[in-house]
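Working notes, beginning with the structure itself.
The values are calculated or read from the model by the stated rules, or taken from the named source; none is laboratory data. These figures come from a predicted structure and were not determined experimentally. Cβ sites come from the backbone with ideal geometry, for glycine too, and all protein chains shown count toward neighbours. These accessible areas exclude ligands, DNA and RNA; they are computed on the full protein's heavy atoms, side chains included. Shrake-Rupley method; radii C 1.70, N 1.55, O 1.52, S 1.80 Å.
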Amino acid sequence: MALIPATKLIQAALADHAAIGHFNINGADWLETYLKVAQKTGTPIIVATSDRIIDFLGGFDFIAGYVRFMVQALHITAPVVLHLDHGLSVEHVYQAIDAGYTSVMFDGSKLPIEENVALTDEVVRYAHQHHVSVEAEVGSVGGNENGLINGIRYASVTDAVKMAATGIDALAAALGSVHGDYVGRPNLNFERMAAIAAATKLPLVLHGASGIPDDQIQQAIQTGTAKININTEVNTVWTAAITKAVQAKRSGHDPQPILLAGKKAIAQLVETKMKAFHILGKSKRSVTFE
Ligand code: 13P
């Protein structure tokens, strides 16, 4: 199946009180495992590359070509979106679109809201001409993601409404979540989440979902969150599995058992998350995504 924009997937998930899982690609093993889990379970998936590590991954053209090739070679029929996570400039977002990404995030969260809205507006016009979905951020997700460091700033309803007017497809309203590990229990503002969902009528995106307890994930889904981003937890289970496999190695130089342990750990985590997001198996069932 061809790669698709995220718009209809997220809208269908929202109507169904579910959320599409967004999982970050950190190397070939991540991508292959994500696609295989999506296919095995019949679940739509968003595979994403963080703008911060795009050169490490080989660049936009390489990734867009590679994802398409892998989808074809592995005979993936589950719906797959290729998404740019935290696009750091309008130019980078355009490069991703030109390379063949089907969804982009423009992250203007460090800018004054007027500037963030104006640049997002440009992105929306270019992206929609190319049938690419757009996510924008208001407020600021805290923590550290691939060296992108931010303090928490809760999104306001007023800013969210200004951003919604650009015609974006999904809104990352920062409401207390952080990228990376949490210190203590996450403090999400669900009252504000409900107010933003009602005022904008947009599906909301939960960034920094690694480490958010299941009860809060469920509450976020019931409050209008329809896309949930996971990176850190995948890397945590991968690192633990690889470390264990290296330590258990008695002799020889065969990397396969070590890398396989990493893939298995990723697969298990992704399936668990898809289940928690109520999306597992949904492309096999009644919901139409295209
Ligand atoms: P975590 O690294 O905390 O899972 O956050 C992922 C994310 O929000 C990517 O945009």
> Direction-averaged shadow area of the convex hull around the Cα atoms of the range 92-240, nm²?
Replying inline: 9.0
>> Can you compute the radius of gyration and Dmax for the range 166-290, using only the Cα atoms, both in Å?
In response: 18.0, 61
> Given the options Ala248, Ala15, Ala170, which has the most mean-square fluctuation in a GNM of the chain, springs set between C-alpha atoms less than 10 angstrom apart?
Replying inline: Ala248
> Percent relative contact order of the range 171-264, based on C-alpha pairs within less than 8 angstrom and at least six residues apart?
Replying inline: 25
>> Just to confirm, what accessible area per residue do you get for the range 64-117 at 1.4 Å probe, in whole Å²?
In response: 38
> Taking only C-alpha pairs under 8 Å that are 6+ residues apart, what is the relative contact order of the range 87-229 in percent?
Replying inline: 18
>> I need the shape label for the range 206-271. Rule: rounded when a/c is under 1.5, else prolate if a/b > b/c, else oblate, with a, b, c from the alpha carbon gyration tensor.
In response: prolate
> Which value, in debye to the nearest 20, describes the size of the charge dipole of the chain about its Cα centre when Lys and Arg Cβ atoms bear +1, Asp and Glu Cβ atoms bear -1, and nothing else is charged?
Replying inline: 1100
> Among Gly58, Gly21, Gly139, whose mean-square fluctuation peaks in a Gaussian network model of the chain (Cα, cutoff 10 Å)?
Replying inline: Gly58
>> Can you show me the helix-derived [θ] at 222 nm for the chain, built from DSSP H runs with n ≥ 4 at -39,500 (n - 2.57) apiece and divided by the number of residues, rounded to the nearest 500.
In response: -14500 deg cm²/dmol
> Could you give the dipole magnitude of the range 163-290 about its Cα centre, charging the beta-carbon of Lys and Arg +1 and that of Asp and Glu -1, in debye to the nearest 20?
Replying inline: 400
>> Which one, Gly143, Ser50, Ile221, projects farthest toward the positive side of the charge dipole computed for the chain from Cβ point charges (K/R +1, D/E -1)?
In response: Ile221
> How large is the accessible surface per residue of the range 185-228, computed with a 1.4 Å probe and reported in Å² as a whole number?
Replying inline: 38
> How many percent of the accessible area of the range 36-133 is carbon or sulfur, using a 1.4 Å probe?
Replying inline: 58
> Taking the Cα centre of the range 1-140 as origin and charging only Cβ (+1 Lys, Arg; -1 Asp, Glu), how large is the dipole, in debye to the nearest 20?
Replying inline: 600
>> If you restrict to DSSP beta bridges whose two residues both lie in the range 89-198, what percentage is antiparallel, to the nearest 5?
In response: 30
>> For a protection proxy built on the mean count of beta-carbon atoms within 10 angstrom, sort 259-269, 128-138, 152-162 highest first, please.
In response: 128-138, 259-269, 152-162
> Say the cut-off is 26 Å between C-alpha atoms; which of Lys36/Lys110; Lys8/Lys275; Lys8/Lys264; Lys40/Lys249 go over it?
Replying inline: Lys36/Lys110; Lys8/Lys264; Lys40/Lys249
>> If I take the Cα coordinates of the range 36-75 and project them onto the principal axes, what are the three extents in Å, biggest first?
In response: 31, 18, 11
>> Please report the carbon-and-sulfur percent of the accessible area for the range 140-290; probe 1.4 Å, protein heavy atoms only, DNA, RNA and ligands left out.
In response: 55
> Relative to the longest principal axis of the chain, what angle (0 to 90°, nearest 10) does the C-alpha long axis of helix 90-99 take?
Replying inline: 50
> the chain: percent of C-alpha pairs farther apart than 27 Å?
Replying inline: 35
> What shape does the range 1-121 take by its C-alpha gyration tensor, where a ≥ b ≥ c are the square roots of the eigenvalues and a/c under 1.5 counts as rounded, a/b above b/c as prolate, and the rest as oblate?
Replying inline: oblate
> If you stretched the chain out fully between Gln247 and Ala165, how much longer would it get, using 0.36 nm times the residue separation minus the C-alpha to C-alpha distance?
Replying inline: 24.1 nm
> Based on DSSP, what percent of beta bridges with both residues in the chain are antiparallel, to the nearest 5?
Replying inline: 10
>> Sequence gap at least 6, Cα distance under 8 Å: using those rules, report the relative contact order of the range 1-138 to the nearest whole percent.
In response: 25
